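Here the structure comes first, spelled out in structure tokens, and everything after it is commentary.
Any read-out appearing in this document is the output of simple, stated calculations on the displayed coordinates, not a laboratory observation. What you see is a predicted model; the values in this text were computed from it and never measured. Here the Cβ is made from the backbone with ideal geometry for all residues, glycine too, and neighbour counts use every protein chain on show.
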Amino acid sequence: MRGTEIAFTESGKGVPVVLLHGYPFDKSMWSEQLEALAAAGFRAIAPDLRGLGETVAPTLVGDFAGESPILKSVPLATMDDMARDTAALLDHLRLEQAVICGLSMGGYVAFEFMHLFPERVVGLVLAGTRAPADNEQEKAGREQQVQTMLRAGMVPISIATLPKLLAKRTLAEKPDVVKRVRAMITRSDPKGAAAAQRGMAARRDYTQDLANINVPTLIIVGREDSIRPIADAEFMHQGIRNSRLEIIEDAAHMTNMEQPDAFNQMLASLINK
Ligand code: MLT
């Protein structure tokens, strides 16, 4: 589809729910939701977004002046690309409409999908994400991370980010979750992750989109999320008319993996409406 092969997992039958993962993760972060949604009578579909998991980012860009050949050869995976890939996947599955659920980077893709294909969205879930674009300092931080991963691989990224991604309690009491998150990061392809990281730096400001969102929307945030804190969730909640805000305790950024039961219940209550 659209010049690349999109890897995806699906389970269940019923109203389709598309689960869009964060960065630098992959569709395996949704395993508890795939199972719970199928058991609750929904069809859950989780793609690997361009550059991550098993989906490669084929578009080469060469406009990073002054960079070494390896940095120049990194493709760019934009949020627009990822949203269009998601629509192509729905076409492939012959599905007209779906609930779109995105976490963090997946939330940016959900915003873009909502903007491009509003008639295809019957409900929206925005978890651990935010509407505004990056400022210059944040963009520079992303570029610094790109250079680290291209030179030294993903291990330094996992060491630096794990303590921020997970709540204190998860780190202390849920070694399996810690292991899964670490494994997702370290097995990511550095070039693909770099493509997505640069895609996030280039993303639009979604603030103007908030007032146009007219489907039932659930906003989820972890109480301990320092990457996309509660204030970001409140900002989206104020801007989106038909939205509900839920805060998950004992969770940071990876709410769906840290507290799957709470996350799944919220998701099911939006879809069951
Ligand atoms: C994510 O989890 O997808 C990222 O933290 C999002 C971001 O860097 O903006």
* Could you give the length gained on full extension between THR207 and LEU171, defined as 0.36 nm per residue of separation minus the Cα-Cα distance, in nm? -> 9.6 nm
* Between ARG2 and ARG151, what is the label-to-label distance in nm when each label sits 7 Å out along the Cα-to-Cβ direction? -> 3.3
* Structure fact -> Out of ASN135, ASN256, ASN242, a Gaussian network model of the chain with alpha-carbon springs under 10 Å gives the largest mean-square fluctuation to ASN135
* When N is the residue count of region 127-180, what does its C-alpha Rg come to as a fraction of 2.2 N^0.38 Å? -> 1.39
* Structure fact -> Under the helix-only model (-39500 (n - 2.57) for each DSSP H run of 4 or more, divided by the residues of the chain), the mean residue ellipticity at 222 nm, to 500 deg cm²/dmol, is -13500 deg cm²/dmol
* Asked: Dipole size in debye (nearest 20) for the chain around its Cα centre, Lys and Arg Cβ +1, Asp and Glu Cβ -1?
  -> 220
* To do: Mind counting lysine pairs for me in region 135-273? Cα separation below 18 Å, and the two need to be 8 or more apart along the chain or on different chains.
  => 4
* Highest GNM mean-square fluctuation, the chain, Cα pairs closer than 10 Å: which of PRO132, PRO16, PRO190? -> PRO132
* Note down the relative contact order for the chain as a percent, whole number, built from C-alpha pairs under 8 angstrom at least six residues apart. => 21
* Structure fact -> With Cα springs under 10 Å, the Gaussian network model of the chain assigns the largest mean-square fluctuation among LYS164, LYS179, LYS191 to LYS179
* To do: Would you work out if region 164-203 is rounded, prolate or oblate? Take a ≥ b ≥ c from the square roots of the eigenvalues of the alpha-carbon gyration tensor; rounded if a/c is under 1.5, else prolate when a/b is larger than b/c, oblate otherwise.
  => oblate
* Asked: Roughly how many whole Å is it from the C-alpha centroid of region 177-202 to that of region 122-173?
  -> 9
* If you take all C-alpha pairs in the chain, what percent of them are over 33 Å apart? -> 13
* Structure fact -> In region 88-138, the trypsin sites (Lys or Arg not before Pro) that sit in a DSSP loop and have at most 13 other Cβ atoms within 10 Å of their own Cβ are ARG94
* Asked: Which loop-located GluC sites (Glu not before Pro) does region 225-256 contain, where loop means any DSSP state but H, G, I, E or B and the Cβ has at most 15 other Cβ atoms within 10 Å?
  -> GLU249
* Asked: Can you tell me the Rg and Dmax of region 212-273, counting just the alpha carbons, in angstroms?
  -> 11.5, 32
